[in-house]
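Nothing in this text is a laboratory measurement; each read-out follows from the coordinates by a stated rule. Small disclaimer: the values here were computed from a predicted structure and weren't measured.
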Amino acid sequence: MLNIKLSSAIRSNLLALQDTASLVARTQGRLSTGLKVGSAIDDAVAFFQAKSLSDRAGDLTSKKDGIDQGISSLTVSLNAVQSLEDVFNQMKGILLSAKSSTATERTDLQTQFEELSKQADLLVNDASYQGLNLLNATSTQLKVSFSEKSASLLQVDGSNVQVSGFTEFSGISGGISFGTAALDQLSTAYTAFDQVSNFVSAFDSIIDRLDSAITTIRSKAKGLGSNVSLLKTRLDFTNDYVNTLTGGSDKLTLADLNEEGANLVALQTRQQLATQALAFAGQSEQAVLQLFSH
């Protein structure tokens, strides 16, 4: 096979032209993708550092979604507890009215009282989010994880604020339990509102229990509100953390488009000059050829 030999001048200019073409291709690739490091071939150290940061940002993004759902779950419970306090206040208002009402009026008030008690139960049972209800059982539990690399999490235990009946109130496990006892268990002399007559001690007893229940409900609301605030703080922190990690990854891999644009102009100019230099080198050899033609 016959090998074509090039002069040193032509070979030097040809190599310069090839190098410039390679740099032009690389610069055009960076401009089209926006990346200066697109694979480990470009820069193994920067590539794997950036990947580590991006992976961490991805893991935290999934945790961020869990925090967001936790906020929604606690917000549902908080809204329900606040509404439950309104129902209890209405029940208290009925009892205050019953103290100075006639026997007939008390019969109607008792019906209203029982209906409010039933609606309070329904309200609590409706306070579910994605199948979790933190207000109708002490066995329920919400866990929100903040990190896959540590045991950092928020655990919120459920409580029982259901209403079953309307006459007996007692604090249980931080929640409120309403027993099924009739009014005569509070005062053996009376079995219903209309039988209380002018004696109001039974009503006062229930009002005291309602006041205690309202206090507990308010405490529960404060606890839920505090946890919602904490989760929002963690959500903001996680958002900032993810942005920082993503920004760190970008610093290692993203190309400076202004710089690459300037590089492309310079390389194209150099390419033109190399082409001209190659042509000049070829003309020198042609001059030698002309000597033999004379």
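Things worth noting here:
- Reachable lysines from Lys99, criterion Cα separation under 28 angstrom, eight or more residues apart if same chain: Lys118
- Cut-off under 5 Å, modelled amide H: who pairs with Lys36 long-range: Leu254, Ala255
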